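What follows is a short report on a single structure.
The values are calculated or read from the model by the stated rules, or taken from the named source; none is laboratory data. Source: prediction; values computed, not measured. Using ideal geometry, Cβ is built from the backbone for each residue, glycine included, and neighbour counts are taken over all protein chains shown. With ligands, DNA and RNA removed, areas are computed over all heavy atoms of the protein, side chains included. Shrake-Rupley method; radii C 1.70, N 1.55, O 1.52, S 1.80 Å.
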Amino acid sequence: MFQNPLVPLAPMTPDAVLSAFRYLRAAEAGDTEAAAGFADAGPRMPELLADVAERIVVPVTALCVIEPDPCDDSFALAAVGRVLTATLRTWAQAGPDAVENVAHAVIAFVRQVLTQEEIGETVAAVLRQMEAVGLD
């Protein structure tokens, strides 16, 4: 059930990446009309967002993969990442009604962990950067 950070995920198609990030950017901007349109266009949107979340969360929380001498905190952080992605996958199984909650969890993670607001970086900018690399 949990993704091993050493085993790569199957790549997302470019259309799936584009769809997921369009939804995330619209939700982050508070554009509920656009977000609803993107969600309606892709009935698998909760699944796509869970896939994106796993690609974002696992590498960031799997410090033991990067750190040559992992400590207890490294393993705890990796466990928290696995719990978060498993929870998002469970929510995604609820179907289209879960899309907003999954998106807000992904956005909150990006805001709290990946965005450097003190240097003027925005969540939208980080999402654009992630989309540009395609989350391979």
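Quick grid of which residues meet (1) modelled with pLDDT under 85; (2) in a helix (DSSP H, G or I); (3) over 23 Å from H104 (Cβ atoms):
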| position | (1), (2), (3) |
| --- | --- |
| V17 | no, yes, no |
| F21 | no, yes, no |
| E28 | no, yes, no |
| D40 | yes, yes, no |
| V65 | yes, yes, yes |
| D69 | yes, no, yes |
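Of all residues in segment 114-135, which are polar (S, T, N, Q) and either at positive phi or open to solvent by 100 Å² or more (accessible area, probe 1.4 Å) (or both)?
Result: Q129, single match.
Looking only at residues in segment 93-136 that are in a loop (DSSP other than H, G, I, E, B) and hydrophobic (A, V, I, L, M, F, W, C), which one is farthest from V60 (Cα to Cα)?
By that ranking, first place goes to A94.
In segment 25-63, what residues are open to solvent by 20 Å² or more (accessible area, probe 1.4 Å), touching a residue at least 24 places away in the same chain (Cβ under 8 Å) and β-branched (V, I, T)?
V60 - this is the single residue of segment 25-63 that is open to solvent by 20 Å² or more (accessible area, probe 1.4 Å), touching a residue at least 24 places away in the same chain (Cβ under 8 Å) and β-branched (V, I, T).
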